[in-house]
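Working notes, structure below.
The values are calculated or read from the model by the stated rules, or taken from the named source; none is laboratory data. Keep in mind that what you see is a predicted model, and the values were worked out from it rather than measured. Positions of Cβ are generated from backbone atoms using ideal geometry, with glycine treated the same way; all protein chains shown enter the neighbour counts.
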Amino acid sequence: MVSFPSRQYAELLKLNPVIINNFAFENESLSYENLKESLVCFNVFFNRLQYTEITESAKTSPLDLISSIGGQLGHIFFLFKNLNN
């Protein structure tokens, strides 16, 4: 069985500030034994590497909005003109 972390990897972890802050032991230096007792490693395997991409788009674009407002104003002015005649 392979031991985790290896001594070489543990030496690299000791240089990482996040590891130093999260695994600082009171009155103890960050040793290989401390890391070995505190860390775990696991492998995840997937049958198929695939993904689903979901995209959304606006139903009304800014140009469609301006066009719709202009059309509605045209109807209002047309109705207002016919009411005055």
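Points worth noting:
- When residues of the range 52-72 are limited to those that are modelled with pLDDT of 85 or more and among the hydrophobic types (A, V, I, L, M, F, W, C), the one farthest from residue 2 (Cα to Cα): 69
- Of the helices (runs of 4 or more DSSP H) contained entirely in the range 2-83, those carrying at least 2 residues that are surrounded by fewer than 10 Cβ atoms within 10 Å (Cβ to Cβ) and among the polar types (S, T, N, Q) fall at 17-22.
- Yes/no for residue 49 being within 30 Å of residue 6 (Cα to Cα) and in contact with a helix residue (DSSP H, G or I) (Cβ under 7 Å, 6 or more places away or on another chain): no
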